[in-house]
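Here's the structure, in C-alpha cells; my notes come after.
Here, each number is a calculation from the coordinates, and none is a lab measurement. The structure displayed is predicted, hence computed values, not measured ones. Here the Cβ is made from the backbone with ideal geometry for all residues, glycine too, and neighbour counts use every protein chain on show.
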Amino acid sequence: MEETKVTSFPEGFLWGSASAAYQIEGGYDADGKGMTNWDHFVRIPGKTYKATTGDVAVDHYHRYKEDIALMAEMGLKTYRFSIAWARIYPQGKGEVNPKGIAFYENIIDECLKHNIEPMVTVFHWDLPQALVDAYGGWENEQIIEDYVNYAKTLFNHYGDKVKYWITLNEQNIFTSLGWLTAMHPPGKFDDQKMFYQVNHHAFMAHAKAVLEYRNMGYKGQIGASFAYTPSYAMDCKPENAMAKANYDDLKNYWWMDVYAYGRYPKAAMAYLKKKGVAPEMKEGDEETLKAAAKEITFMGVNYYQSCVCEYNPLDGVTPYGTMNTTGVKGTSQVLGVPGIYKNPANPYLRTTDWDWIIDPTGLQFCCREITSRYGLPIIISENGLGAFDKKEEDNRIHDDYRIHYLQEHIKKLGEAIEEGCEVIAYCTWSFTDLLSWLNGYQKRYGFVYVDREEEEGASMNRYKKDSYYWYQKVIETNGACLFE
Ligand code: BGP
C-alpha cells in the first residue's frame, strides 16, 4: 500500500535458512539407514539431470558441525532441516535405529549450542522404500498409522528441545509430481483418482500427528509447509477471473483450507465428484481434520513464484509438458487444465534460467491472502533463487543476482508485516548449495558454495558467497539495512 513504510522487522524475528535431508546429507547407506523411494528413483535412467543422486550429496552427514558453525558465524536465528524417516526407522516402522536418533540429536544440540532455533520437517519426501514395497506407501491408508508412529518417535526424542515442527513439506508438490506428472517417485502418470486419495492420506497423517503432538502435552509450534503459487487473473475478462477462482480452489485452497479449516473447498470437490476422482473419506475423518486445524499455529509457505490464470478451452493445453531441468531458458511450456485454466507467461516479470517467474510482490500477496482467509501466523519456510554460480580464482563467489532477489523479497515481506500479517520466520532456500531434486548440483541456491559438480569426487570444500556476508548484515540489523 502506498503509505506502508518499513524500517525493520519485529523483535525476535527468526531469520533462517532451510534444507532437506536427501538434498544435503549423503551417507545414503550409512549407520543402518534404510533405502528410500528416492534412493531407488534416482537410479532409473532419465529421471534426474545427468543421473545425479543424493548418495553423497554435499556430505552434510559428516560435515554438519562445520555447516552449523558457518550458520552460527552468520548469526542465523533458525535452521530448518528435515529428518530422514529411513534413518530413524530403516524399515519405516518396527525397530528404531539408535544411530539415526543420535545423528539428529547431535544436529539439534549443535544448533542449540549456537543459539540457533531448530525447525524440524518431519517428512521432506524421502519415504522408506520398505513401506512402498509392503503396501505402496502413500497410496495405502496404512501409511497414516506408520507416519504418526514415526512422528511420535521424533516428538518423544526431541520434543523438549525442538519448538517448531513442520509435519509435511509441500504435500501439493510431492503428490503432483509423484502421481500426475511422473517426475517424482513413484513416477505415476495422470492417476488423478489416486492423486486425490494419496492427498487425503497425507492430510490424515498430518492431522493425526498434530493431535498426537498436543496429546503428548507439547505446546510448541506445529503446522505444514505448503508450496504456494499465488495467482493473478490475466485481465478483467470474467472468464479469466473465473479461471483464477478455479485455479485457486484446485491448486491452493485444496491444501490450505484443509490445514487451516479441516475441510475441502466446495466448488473443487463438486468438480472432482463429477469427474469421479474425489477422495474417499472414512467416517470421522472430517472431525479429525477439523480438530487438527484448531491445533496448528502457523501456515508454512514455500514461495518461489506467482502465476497468471487465463481461461483454457476444452481443446487447450494439458498439465503435462516439458519442464526446464537444464537451466536453458525458455525450455518449459505453458500448462493448464482443459476447460478450466492455463498459466501463460507474465509479461511484466522476468524469469530465472530455469523459467521460474521472479515476483517479490507475490510473497507479499501470499501473506496478505493467508492473513485475510485464515488469520494464521506465517512461517516462510522456503524462498530463494536457483542460479549458476561461479567460483573465481580467489575463491570468491559474486552472487549479486541472489542478493538482489532475496533483498526484494524480504522488503515485500516487511511490507506485508507492516500491513498486519504476523510473520514469525523467514527461511531462505538454502544455506549451503545442495542437490536440486531433478536439476542436479548445477542449480545452486546456497549462501555457501560447495565445491562439487554433477560427478562425485570433488573436494566438497565450503566457500562463503557474497550473499553470505550480505545476509549476515541483514540479520545483524534485523532487516533495517534494507530500508536505509
Ligand atoms: C521446493 C522443495 C525444496 C527445493 C526447492 C527448490 O519445492 O521443497 O526441496 O528443492 O523447491 O526446487 P528445485 O530444487 O526444483 O529448484
Subject >> Residues satisfying the stated conditions in the range 372-417, i.e. surrounded by fewer than 16 Cβ atoms within 10 Å (Cβ to Cβ), within 20 Å of F298 (Cβ to Cβ) and not polar (S, T, N, Q) >> reply: G375
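Within the range 1-38, track down each residue that is more than 16 Å from the ligand (Cβ to nearest atom) and in a helix (DSSP H, G or I). Can you show your working first?
Here is the first cut: in the range 1-38, the ones more than 16 Å from the ligand (Cβ to nearest atom) are 1-15, 27-35.
Of everything in the range 1-38, those that are more than 16 Å from the ligand (Cβ to nearest atom) and in a helix (DSSP H, G or I) turn out to be A30, D31, G32.
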Subject >> Residue, farthest from the ligand (Cβ to nearest atom), within the range 420-452, restricted to residues that are farther than 18 Å from E170 by Cα, part of a strand (DSSP E or B) and not hydrophobic (A, V, I, L, M, F, W, C) >> reply: Y449
**OP:** Determine whether the range 224-246 contains at least one residue that is of a type in the set (A, V, I, L, M) and within 16 Å of the ligand (Cβ to nearest atom).
**Re:** yes
Original post:
Looking at the range 37-50, which of the residues that are closer than 15 Å to L435 by Cβ and free of Cβ contacts under 8 Å to residues at least 60 places away in the same chain is nearest to the chain's Cα centre (by Cα)?
Top reply: V42
Original post:
Got a number for residues in the range 287-333 being in contact (Cβ under 8 Å) with a residue 24 or more places away in the chain and outside any helix (DSSP H, G or I)?
Top reply: 32
Original post:
Is there a residue in the range 436-451 that is in contact (Cβ under 8 Å) with a residue 40 or more places away in the chain, surrounded by fewer than 20 Cβ atoms within 10 Å (Cβ to Cβ) and farther than 22 Å from N302 by Cβ?
Top reply: yes
Original post:
Does S467 qualify as being surrounded by fewer than 18 Cβ atoms within 10 Å (Cβ to Cβ), more than 14 Å from the ligand (Cβ to nearest atom) and polar (S, T, N, Q)?
Top reply: no
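Which is under 30 Å from A102 (Cα atoms) and aromatic (F, W, Y), of Y228, Y158, Y196?
Among Y228, Y158, Y196, only Y158 is under 30 Å from A102 (Cα atoms) and aromatic (F, W, Y).
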Original post:
In this structure, is K273 among the charged types (D, E, K, R), out of contact with any Leu (no Cβ under 8 Å at 6 or more places or on another chain) and not in a loop (DSSP other than H, G, I, E, B)?
Top reply: yes
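Within 13 Å of the ligand (Cβ to nearest atom), without any contact (Cβ under 8 Å) to a residue 60 or more places away in the chain and within 18 Å of the chain's Cα centre (by Cα), is that true of G384?
Working: within 13 Å of the ligand (Cβ to nearest atom): yes; without any contact (Cβ under 8 Å) to a residue 60 or more places away in the chain: no; within 18 Å of the chain's Cα centre (by Cα): yes.
So G384 does not fit the description; no.
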Original post:
Out of all the residues in the range 237-246, which are more than 20 Å from Y303 (Cα to Cα) and without any contact (Cβ under 8 Å) to a residue 40 or more places away in the chain?
Top reply: P238, A241
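Taking the condition in contact (Cβ under 8 Å) with a residue 60 or more places away in the chain and not in a strand (DSSP E or B), does E393 pass?
On the way: in contact (Cβ under 8 Å) with a residue 60 or more places away in the chain: no; not in a strand (DSSP E or B): yes.
So E393 fails the test.
Can you list the helices (runs of 4 or more DSSP H) found entirely within the range 81-153 that contain at least 3 residues being free of Cβ contacts under 8 Å to residues at least 60 places away in the same chain? Give the steps one after another, and end with the answer.
On the way: elements: 85-88, 98-113, 129-135.
Answer list for the range 81-153: 98-113, 129-135.
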